[in-house]
Amino acid sequence: MTTRLDSFATAITRFSEALGTPVTNLTRDAAIQRFEFCFELAWKVIQERARTEGLDCQSPKGCLKLAYKNNWIDDETGWLAMLEDRNRTAHTTTKRSRRRYIAAFQHISLCCKP
C-alpha cells in the first residue's frame, strides 16, 4: 500500500501545482486530468485499506460508501459528487470545488496510512 499511497501523495501535489498556474485551455485540461488521476488513486487507496482490514469493495462508489461507513471520509455526498465529475467525459469545475477536492484528497492520504 505504501507505493500507491506515495503515488497518491505525489498526485495531490501535482494537482495542487496545476491549480496554481494561470488558467489557459492547456492548464485547465491538465488540471482536469490530474484531478481524474487523483480520484482514481484515492478510491484505490481506500480499496487497499479495506482489504488490509478484511473488508471488500470493488467499485469507486462501493469503496466511497465503505469509507464513509468506516469514518475514513466525512463527506460522502461530496465524494460521490467528485465521482460524478470524474465520470463526465468533458466537465468543468469551479476553482472553489477544485480546492475542496485537494482537501478531500489530503484527508484520504492521511487516513489511509498504514
Note on segment 59-75: residues touching a residue at least 12 places away in the same chain (Cβ under 8 Å) and on the phi > 0 side of the Ramachandran plot are none
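Let's see how each residue does on (1) at pLDDT below 95; (2) among the charged types (D, E, K, R); (3) assigned to a loop (DSSP other than H, G, I, E, B); (4) under 13 Å from Phe105 (Cβ atoms):
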| site | (1), (2), (3), (4) |
| --- | --- |
| Leu5 | yes, no, no, yes |
| Arg14 | yes, yes, no, yes |
| Phe35 | yes, no, no, yes |
| Phe39 | yes, no, no, yes |
| Gly54 | no, no, yes, no |
| Cys57 | no, no, yes, no |
| Lys65 | no, yes, no, no |
| Tyr68 | no, no, no, no |
So which residues in segment 70-102 are outside any helix (DSSP H, G or I), modelled with pLDDT under 90 and not polar (S, T, N, Q), if there are any at all? Asp74, Asp75, Arg88, Ala90, His91
Residues of segment 29-54 satisfying the condition of being exposed (fewer than 14 other Cβ atoms within 10 Å of the Cβ) and free of Cβ contacts under 8 Å to residues at least 24 places away in the same chain: Asp29, Gln33, Arg51, Glu53, Gly54
Residue pairs, Cβ under 9 Å, 6 or more apart or interchain, first in segment 15-27 and under 20 Å from Phe39 (Cα atoms), second hydroxyl-bearing (Ser, Thr, Tyr) and in a loop (DSSP other than H, G, I, E, B). List them. Thr27/Thr21
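The values are calculated or read from the model by the stated rules, or taken from the named source; none is laboratory data. Here the structure is a predicted model, which means the values were calculated and not measured. Here Cβ is always computed from backbone atoms with ideal geometry, including for glycine, and neighbour counts include all displayed protein chains.
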